[in-house]
Structures are given as structure tokens and as C-alpha cells.
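The values are calculated or read from the model by the stated rules, or taken from the named source; none is laboratory data. The model shown is predicted, which means the values in this text are computed figures rather than measured ones. Cβ placement follows ideal geometry from the backbone for every residue including glycine, while neighbour counts extend to all protein chains displayed. Calculation scope for accessible area: heavy atoms of the full protein, side chains included, ligands and nucleic acids excluded. Shrake-Rupley method; radii C 1.70, N 1.55, O 1.52, S 1.80 Å.
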Amino acid sequence: MKLIKGNIVYAPRLGELVTLEHGALLLDDGGAVRDILAAPPESCDAEAFDYGDALVMPSFADMHLHAPQYPMLGMGMDLPLIDWLNTYTFDTEARFADTDYARRVYRRLANDLITGGTTRVCMFSSLHTDATLILMEELERAGVTGCVGKVNMDRNSGDVLRETTEESKRETLRWLDECERFRHVRPILTPRFTPSCTDELMAWLGALAAERGLYVQSHLSENDGEIAWVKELHPDCAQYWETYEKYGLWKDHTIMAHCVHSDAREREALARHNVVVAHCADSNVNICSGVAPVRTMLREGVWVTLGSDIAGGAQLAMNQVVTASIRASKTLCIETGGALPFLTVDEAYYLGSTAGHRWFGADGGFAKGMPLHAIVVDDGAFAEPVRALTLRERFERSIYLMDKSAIRAVWSEGRKVVG
Ligand code: GUN
Ligand code: FE
């Protein structure tokens with residue numbers, strides 16, 4: 001057994017924050033949370049990890065990001081979505097045909113994710129099978145867990161980044177065979193978005209998802225131009241989401257990034273099918289897509305999680321993604337004269353941690369019986385406060401101010417992987 005001592009903070013449900021001053025987490029030998037204690041036991045034969053006055057909180061889950069876009073982080077944000085893809089993004093992803101380059105970039109990315117406190121991801125790779133396998137290796141090596149998708153895209157991608165329908169199918173099967181060797185990183189089917197995939201490929205992926213019990217991730221209703229294009233491509237579908245439903249890709253646990261322009265009917269379809277929204281506030285503002293109606297989605301019972309969406313998003317650090325989602329919700333609050341209340345820090349942190357971890361089967365913050373995913377934050381590095389702060393205040397400040405230097409340790413899947 002292991003005993004982790006520190007100030008315990010977690011968000012078990014939307015809007016609820018538990019703070020236990022000088023509490024403890026008891027782990028079993030496999031690293032699963034056995035108990036959450038208001039005070040450490042006087043004596044205990046567990047191996048102790050004493051983090052003193054630091055905060056011990058659930059780690060972050062980044063539910064939407066593009067690994068091969070890491071090299072273009074902070075670049076090329078002067079265009080709307082489709083032009084941005086054609087002008088910058090596809091050229092960048094094409095570089096990942098080079099496996100040496102992929103190894104270097106992905107090693108750096110995996111290290112930056114884990115030291116920044118992100119222990120679970122749902123991630124897009126590029127269309128390249130070998131680079132995707134390298135990405136999965138590097139995530140496993142660093143201690144990042146979750147799902148990675150070889151991207152399927154057999155149309156509308158220009159000359160540099162192209163696969164035929166046959167290649168896309170063949171390479172997807174080769175990739176899935178190779179994935180057997182990974183323990184903590186699993187495959188997820190990843191049609192890039194409707195404009196990138198022929199009907200034949202979409203239908204094949206839907207059948208494969210059903211046959212092999214695989215999850216699906218893609219993009220939905222991010223930008224007006226994209227939505228109009230999808231309407232032209234599928235005149236038989238009343239709405240964008242139906243282009244996925246038609247091929248068996250719209251199902252329980254499917255992750256749809258963005259949903260900025262999803263109206264009441266599309267949101268109802270999200271809730272009814274338990275399709276998960278990956279809200280990417282920083283990206284949505286950067287490439288001028290809009291602000292997703294997160295408060296409305298939450299009221300309607302839609303499952304909302306957060307994603308960095310690098311490199312549309314310019315912040316890999318998920319605490320920055322949490323605060324970006326708060327700021328975005330405040331713009332809607334201001335515009336509606338308060339009718340749409342903004343996300344509180346507790347709520348946004350819930351979305352960036354617990355709501356994402358739930359996708360992997362771990363609910364309630366520090367999920368009992370599930371392997372520990374946690375960060376240890378040392379807020380002693382921030383400017384000295386004018387008075388003693390409550391643990392709740394220290395948590396809020398940590399969400400806004402933490403960076404790698406304040407993250408003293410990271411636990412992922414029950415193992416200490418940083419610190
Ligand atoms: N839609 C299709 N591909 C992409 C992508 O790479 N980034 C974003 N933000 N939206 C997309
Ligand atoms: Fe994206």
C-alpha cells in the first residue's frame with residue numbers, strides 16, 4: 001500500500017469542490033485509490049509520500065489535441081478554419097512521414113504533457129501509421145495514458161497529405177494490429193471530419209467500430225464555412241451530426257471536438273446518444289470560430305469535457321485551457337446580460353479533470369478502485385499572499401498560476417511518473 005499526504009482537493013461533481021486540509025489518499029499495491037482520508041492515520045505500514053503543505057489534486061484530461069501540430073504552436077492564426085488547414089496545418093502534418101522527426105517532436109510533446117499535469121489524452125495523430133506508433137510509444141514511455149488515433153482522410157487534403165481509400169483502410173488495420181503491444185495507450189478511430197472522408201471510408205470505419213468495439217473521435221460544427229461545406233457534401237442530412245450517424249460513428253462515448261454552432265436539435269442528439277463534447281475555448285477564439293454554448297449544453301445534460309486542440313489552441317497546459325474556458329464563458333455571460341452564468345473555477349476544473357477521467361471509467365474526482373491520476377502543486381512558488389489563504393483560495397490561485405515549475409509530482413495510472 002501507499003499513503004499520499006497533502007492538502008487534498010477534488011471536484012467530484014459539476015460545481016462541487018472537496019477540500020481536505022492535511023488529508024491523505026490510501027492506495028492499494030496496484031496504485032488504485034482505496035480511501036480518501038480527512039487525516040492521515042497515526043501509524044500505517046504503507047509506503048509514505050509526504051507532500052507537506054502542497055495541494056494534491058486530480059490531474060488533467062486533455063480530450064482533444066493534434067500531436068503533429070505541436071511544431072506550429074503559436075503560429076499561423078490569421079485564417080479561418082478551412083484556410084488555416086490548407087495553408088498551414090496539412091503542410092505541418094505532412095512532415096510526419098519522417099519517422100526521425102516524429103520521434104523528436106513526440107518525445108518532447110509527451111514530456112511536456114506529463115510534466116504539465118496531463119495524464120490522460122484523446123489525441124489525433126496524422127495519417128502516418130509509423131509516426132502514430134512512435135507517438136504511442138513516446139506517450140507510454142513518459143507515462144501519459146489514453147487514446148490515440150491514426151487520422152483517416154482520403155479526400156480534400158491537397159497534394160502533401162494524401163491517402164487513397166484503399167491505403168486508409170489497409171493502414172488502419174496494420175496500425176490496429178500493432179497497437180496490441182501497448183498497455184496504457186489504446187487506439188481510437190479518427191475520421192478527421194466529414195469533408196476529409198469519402199462516404200465509402202466513413203461507412204467502413206463505422207462498421208469497423210462496431211465489429212471491434214472501438215471508440216470514435218472527430219470534429220463537429222466548429223465553423224460556419226465548414227458547416228456549409230458539409231451541407232453541400234451531404235444534402236440528404238438535415239444537420240452535420242447526421243453525417244456521422246448515417247455511418248454508425250455517432251454513438252455512446254464518441255468524442256466530438258468543438259460543437260461551437262450546435263443548435264438545440266444537434267445538442268439534443270449529443271445528449272440522447274451520450275456523445276461527448278470536447279470544448280476547446282482557446283482554439284475557438286484563436287481561429288475565430290466562435291464561443292460554444294457550454295452553459296446551455298450543461299443545462300441540457302450534454303457531457304462536456306475540455307481539449308487544448310493544439311495547435312488551433314496555443315496552450316498545451318490544461319490549467320490554461322481551464323481558465324480560457326472560463327474567460328470564453330464570461331463573454332457569453334456579458335453578451336446575454338447574465339442569462340448564461342459563466343463557468344466558475346470549480347466547474348471549469350471539473351470539466352478539465354473529472355469529466356474527462358469519467359470517459360475512461362473513473363468518476364468522482366479521486367475515483368475509488370481506479371488507479372490514481374494526480375498532480376501535486378506547490379503554491380509556495382507564487383507571490384506571498386497578503387493574508388493566509390483558505391485551501392479553496394489556494395486552489396483557485398493554483399489553477400490560474402501553476403506551470404511546470406509548480407507541479408512537484410505527477411501520478412498516472414497509479415504510478416509516480418514525475419517527481
Ligand atoms: N477540423 C478538421 N481538422 C481540424 C484540425 O486539425 N483542427 C481543428 N481545430 N479543426 C479541424
Ligand atoms: Fe481539432
Protection-proxy order for peptides 107-115, 280-288, 305-313, each taking the mean of Cβ atoms within 10 Å per residue, highest first = 305-313, 280-288, 107-115
Expressed in angstrom and ordered largest first, the alpha-carbon extents of the stretch 186-257 along the principal axes are 33, 22, 18
Towards the positive end of the charge dipole of the stretch 285-419, with charges on Cβ (+1 Lys, Arg; -1 Asp, Glu), say which of Ala374, Gly313, Cys333 has the farthest Cα.
-> Ala374
Going by the alpha-carbon gyration tensor, a ≥ b ≥ c the square roots of its eigenvalues, is the stretch 221-298 rounded (a/c under 1.5) or, if a/c is not under 1.5, prolate (a/b greater than b/c) versus oblate?
-> oblate
Cβ crowding within 10 Å averaged over residues, with 340-347, 152-159, 314-321 ranked highest first = 314-321, 340-347, 152-159
dims of the stretch 270-419, Cα set, principal axes, largest to smallest, nearest Å -> 40, 40, 30
Cα-based Rg then Dmax for the stretch 95-198, in Å, read 13.5, 39
Rounded if a/c is under 1.5, else prolate if a/b beats b/c, else oblate: with a ≥ b ≥ c from the C-alpha gyration tensor eigenvalues square-rooted, which is the stretch 1-143?
-> prolate
Translational diffusion coefficient, Stokes-Einstein: compute it for the stretch 17-73 using the Kirkwood radius over C-alpha pairs as Rh, at 4 °C and 1.567 mPa s, and state it as an integer in µm² s⁻¹.
-> 90
Using a 1.4 angstrom probe on heavy atoms only, work out the carbon and sulfur share of the accessible area of the stretch 77-220 in %.
-> 46
Determine the dipole magnitude for the chain: charges of +1 sit on the beta-carbon of Lys and Arg, -1 on that of Asp and Glu, nothing else is charged, the reference point is the Cα centre, and the result goes in debye to the nearest 20.
-> 620
Normalised convex hull volume, the stretch 57-117, alpha-carbon set, Å³ per residue = 101
Å² of accessible area per residue within the stretch 203-335, as computed with a 1.4 Å probe and no ligands counted | 34
Throw me the Rg/Rh for the stretch 336-419, computed over C-alpha atoms with Kirkwood Rh, two decimals.
-> 1.03
Determine Rg/Rh for the chain; Rg is computed over alpha-carbon atoms and Rh is the Kirkwood hydrodynamic estimate from the same atoms.
-> 0.97
Measuring from a point 7 Å past the Cα of Asp177 along Cα-to-C-beta, which residues in the stretch 130-145 have an amide N at less than 17 Å?
-> 130-134
Distance violations [Cα-Cα > 22 Å] among Lys5/Lys368; Lys150/Lys251; Lys330/Lys368 | Lys330/Lys368
Using the per-residue mean of other Cβ atoms lying within 10 Å as a proxy for protection, in what order, highest first, do the peptides 410-417, 387-394, 69-76 fall?
-> 410-417, 69-76, 387-394
Farthest positive-ward along the chain dipole, Cα basis, beta-carbon charges - from Tyr349, Leu298, Ala46 = Ala46
If you find the alpha carbon centre of the stretch 114-153 and of the stretch 224-250, how far apart are they in angstrom?
-> 28
